[in-house]
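The values are calculated or read from the model by the stated rules, or taken from the named source; none is laboratory data. If you're wondering where the values come from, they're calculated on a predicted model, not measured in any experiment. In this analysis, Cβ positions are derived from the backbone assuming ideal geometry, glycine residues included, and neighbour counts consider all displayed protein chains.
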Amino acid sequence: MHVAPELLRKESYTCKLDSWALGVVMFTTIGGYPPFYDGNNQGIFKKILKGEFEYDPQYWGHVSQDCKDMISGLLTMDVDKRWSTQQCCDCQWMKDDPVQLRRTSMMVNVKKLREFNAKRKFKGVVHALQFAKRHLSFDHQEASAPHRESILMMQKEKPSGEEETLRRSHRDSILDRPNDLKKLQEELEAAGADL
């Protein structure tokens with residue numbers, strides 16, 4: 001989540017909002033995990049408003065202090081003290097020898113980033129299926145109020161055999177996913193994703 005704390009506090013904002021977003025992107029890309037993470041948006045927003053993050057030595061131990069200083073400067077809560085793009089360009093890390101930077105192994109970080117993305121995608125699939133089940137239910141007892149009327153009307157219309165077969169097939173393909181989810185979870189766990 002790239003949202004800056006001033007937006008969450010509903011304060012005015014400047015181009016330093018982009019500096020915050022750059023800091024989040026850099027932290028996530030280099031570290032392999034986001035600086036502010038929780039199981040839901042509410043938790044993420046609380047962490048952003050506190051502005052507390054840490055550089056886990058397992059993933060940041062080989063990263064230069066200049067790089068960490070730049071990211072910390074970008075993720076500064078006080079907008080007036082947050083780094084500008086000019087300060088980033090003047091940072092020693094930006095001036096370091098690119099050949100030397102390429103020699104630094106980032107494999108642990110890349111693995112962590114892949115795990116994070118796998119979890120994020122898995123959660124997205126679960127949320128989509130939960131949404132589909134909730135909103136595409138053909139059982140009028142389970143349907144939400146806005147959908148109940150249309151479901152009852154569809155049931156009264158008595159579709160042809162072919163239409164009914166297509167409708168059931170479509171519903172079943174959306175709603176009968178536990179085995180697919182279990183298989184996906186097993187594949188992610190086999191790939192090393194910590195679910």
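With respect to LEU49, is the statement that it is in contact with a helix residue (DSSP H, G or I) (Cβ under 6 Å, 6 or more places away or on another chain), assigned by TED's automatic domain parsing to the domain that holds LYS95 and either among the aromatic types (Phe, Trp, Tyr) or over 25 Å from ASP96 (Cα atoms) (or both) true? Judged against the criteria, LEU49 is a match. Within the set of pairs 6+ apart or on separate chains, which have a first residue in the range 1-19 that is aliphatic (A, V, I, L, M), a second that is buried (at least 16 other Cβ atoms within 10 Å of the Cβ) and part of a loop (DSSP other than H, G, I, E, B), and C-beta atoms under 9 Å apart? Every condition considered, the pairs that remain are MET1/PRO34; MET1/PHE36; ALA4/VAL79; ALA4/ARG82; LEU17/VAL3; LEU17/ALA4; LEU17/VAL79.
When residues of the range 10-66 are filtered for being small (Gly, Ala, Ser) and within 20 Å of ASP78 (Cβ to Cβ), how many remain? Qualifying residue count, the range 10-66: 5. Scanning the range 10-19 for residues that are touching a Phe, Trp or Tyr at 6+ places or on another chain (Cβ under 9 Å) and at pLDDT below 90 turns up nothing.
For (1) modelled with pLDDT of 90 or more; (2) loosely packed, with under 12 Cβ neighbours inside 10 Å, each residue gets a yes or a no:
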{"site": "TYR33", "(1), (2)": "no, no"}
{"site": "GLN42", "(1), (2)": "yes, yes"}
{"site": "ILE48", "(1), (2)": "yes, no"}
{"site": "ASP56", "(1), (2)": "yes, no"}
{"site": "MET70", "(1), (2)": "yes, no"}
{"site": "MET77", "(1), (2)": "yes, no"}
{"site": "ASP80", "(1), (2)": "yes, yes"}
{"site": "LYS111", "(1), (2)": "no, no"}
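For the range 12-70, filtering for residues that are among the charged types (D, E, K, R) and either under 24 Å from GLU115 (Cα atoms) or assigned to a loop (DSSP other than H, G, I, E, B) (or both) leaves 7.
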